[in-house]
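Data first, discussion second: the structure below is written as structure tokens.
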Amino acid sequence: ALRSLSFLVVFGTWYAFEAVGLPNTLGAFLAGVLLSETAYRQQVDSVISPIREDFFTVFFISVGCSIDLQLLFSQPLLVCSAVSALLLTKTLVTGAVCYLANLSPANSIQIGLLLSQAGEFSFVMINTLFSLGSIDALQKKLLVTVAALSLASTPLFAAVGRNLAASLEQLEQNKLGSLEARSRQDTAADVVVCGYGRIGQMVTQVLDSKFLRWVAYDTDPRVVNAARNRDLPVFYGDFQQMAKDKDMGKGVRMLIITLADKKSARIAKAVKKLHPEVK
């Protein structure tokens, strides 16, 4: 019943906008926004999810079919220039906005690349402009083709942004994670956690419940970046270098290594030998 009611709201709003001369897709979009703001949004999402993938498939098939291959092959320079200009402009503008919002440079670049493509609502705007006579048929084909190609490039730019952000975060953490800085961090903590994966996060939750000061290290810059964005004392660090640091044991009562492998066991033995007072 709730699924039928949801579709009734969407298609009813779609028809109402069509009846008054407004874009019907705008009506469907606003109906979705309306449903997402109700107290039943979780239930609506659960009843619609089985067929949501089908709608996604239909949408992306329609986007692929909207690409004018004849225009692409007859004027490749024009199409590629327009796509490049769109991607570059949106990347720079979005990245600048994120940076001004106090996000890190790595996160700003990643978000800028992830949102560099044209939005799905651009097809609605293009059709509206064409129906109003603001653009001709050739301009419509060009704009639709550019928007569709930019959407098709989303996985590529998302991967590039993710890898670039990880590299930048690793460089930044390498600068901040010097042995001298690490010593200062360790002296303010009672427990050092090596590895901030699923087990490491569970361990730190227990330490928080016992009001014990802790600091964690991980070699995955994405894990470190996610924790740092939540203002957690997680830093980029190599376990082998930590084992060789003679100043690491100052003020540290316990070292917890969450990785169960032979390398971690050797590190634990080395730390215990170098710092016998650390548990």
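The values are calculated or read from the model by the stated rules, or taken from the named source; none is laboratory data. None of the values given here were measured: they were computed from a predicted structure. Cβ atoms come from the backbone with ideal geometry, glycine included; neighbour counts cover every protein chain shown. Each accessible area value is taken on the protein alone, full model and side chains, heavy atoms only, with ligands, DNA and RNA left out. Shrake-Rupley method; radii C 1.70, N 1.55, O 1.52, S 1.80 Å.
Miscellaneous remarks
- Under 5 Å between amide hydrogens, built in the peptide plane, is the criterion, and for TRP214 it picks out ASP190, VAL191 among residues at least 5 positions away or on other chains.
- Summarised in one figure, the compactness ratio Rg/Rh of the stretch 1-120, Cα atoms and Kirkwood Rh, is 1.08.
- For the residues VAL9, VAL234, a 1.4 Å probe over the protein chains yields an accessible-area ranking, largest first, of VAL9, VAL234.
- Proximal charge balance of VAL144 [Cβ under 15 Å; K/R count +1, D/E count -1]: -1
- Exposure of SER4 as accessible area (Å², to 10), given a probe of 1.4 Å and all protein chains: 80
- Taking the stretch 42-123 and dividing mean pair separation by its residue count, relative contact order in percent (alpha carbons under 8 Å, at least six apart): 24
- Counting only Cα atoms, the stretch 15-72 measures 48, 32, 14 Å along its principal axes, largest extent leading.
- FRET efficiency for the pair SER167 and CYS80, taken as 1/(1 + (r/R0)^6) with r the Cβ-Cβ distance and R0 = 22 Å, rounds to 0.25.
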